[in-house]
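To keep things clear, I will list the structure first and then write my remarks on it.
The values are calculated or read from the model by the stated rules, or taken from the named source; none is laboratory data. If you're wondering where the values come from, they're calculated on a predicted model, not measured in any experiment. Quick reminder, even Gly has a Cβ in these numbers, built from the backbone with ideal geometry, and neighbours come from all protein chains shown.
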Amino acid sequence: PVNPPAIIQWLFDGDFSDAYGIYNGSLVNNSNVTWMSPGYAGYGSAVCFLSTNYLRINRYLNFNSTSFTISTWVWIPANFSFNGNFFVLFVHCNLTTQDTCLHVGINGGRVFLGFFSDDLTGGTSLTSNQWYHVTYVYDRSSLRQTVYLNGIHDGSRVTSGPYKGTASVLTVGAITSVE
């Protein structure tokens with residue numbers, strides 16, 4: 001297995017390249033995405049995936065033996081219904097058994113960090129048409145999942161077991177069929 005890098009960073013500045021050239025992705029299902037510069041910090045870029053497309057990174061990343069942090073800015077569109085819907089940000093999943101399927105996003109209008117049947121949902125209800133900075137943290141030594149919303153602690157819990165996922169691909173923007 002490959003040791004996890006210190007940082008993976010997708011800038012979404014017109015392509016899906018990792019800033020370090022290791023975890024470059026490719027668009028799946030169609031080349032029609034919307035690139036935008038939201039200006040929340042005066043600079044930077046974002047990508048809006050349509051309902052059928054997503055980013056796929058065909059490179060193994062060993063999440064099952066390390067702590068990790070996933071951090072991003074999120075804009076939830078006005079037409080998104082929070083009722084029973086999962087707004088997907090990042091997935092590392094090849095099995096749907098407990099503690100083997102990492103998926104992060106917004107679930108029922110709240111920040112969500114899941115390992116499949118061993119999950120954390122934040123306490124704050126989000127609204128559409130607003131930028132949020134979300135951070136998902138997993139401390140493997142304590143088995144603690146923690147979520148932050150705009151830099152403020154929004155929830156934490158101890159998992160029933162360590163994350164054990166072994167997916168060979170990463171997905172951004174969708175939950176695809178299990179491989």
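Of note:
- Residue within segment 121-130 that is in a strand (DSSP E or B) and of a type in the set (A, V, I, L, M, F, W, C) present: no
- Residue in segment 28-38 that is out of contact with any helix residue (DSSP H, G or I) (no Cβ under 7 Å at 6 or more places or on another chain), aromatic (F, W, Y) and surrounded by 16 or more Cβ atoms within 10 Å (Cβ to Cβ) present: no
- A count restricted to segment 56-70 and to residues that are in contact with a strand residue (DSSP E or B) (Cβ under 8 Å, 6 or more places away or on another chain) and among the aromatic types (F, W, Y) stands at 2.
- Checked across segment 97-115, the condition of being under 14 Å from the mean Cα position of the chain (by Cα) and part of a loop (DSSP other than H, G, I, E, B) holds for at least one residue.
- Scan segment 141-159 for residues that are assigned to a strand (DSSP E or B) and in contact with a Pro (Cβ under 9 Å, 6 or more places away or on another chain) and the total you get is 0.
- T121 satisfies every condition listed in (1) within 24 Å of A78 (Cβ to Cβ); (2) touching a strand residue (DSSP E or B) at 6+ places or on another chain (Cβ under 8 Å); (3) surrounded by 17 or more Cβ atoms within 10 Å (Cβ to Cβ); (4) at pLDDT below 95 except (4).
- Every residue from segment 124-156 that is on the phi > 0 side of the Ramachandran plot and at pLDDT 95 or above: L143, N150, G151, G155
- Picking from residues in segment 68-115 that are within 19 Å of G151 (Cβ to Cβ) and small (G, A, S), the one that is surrounded by the most Cβ atoms within 10 Å (Cβ to Cβ) is G105.
- Residue in segment 40-48 that is surrounded by 16 or more Cβ atoms within 10 Å (Cβ to Cβ), small (G, A, S) and outside any strand (DSSP E or B) present: no
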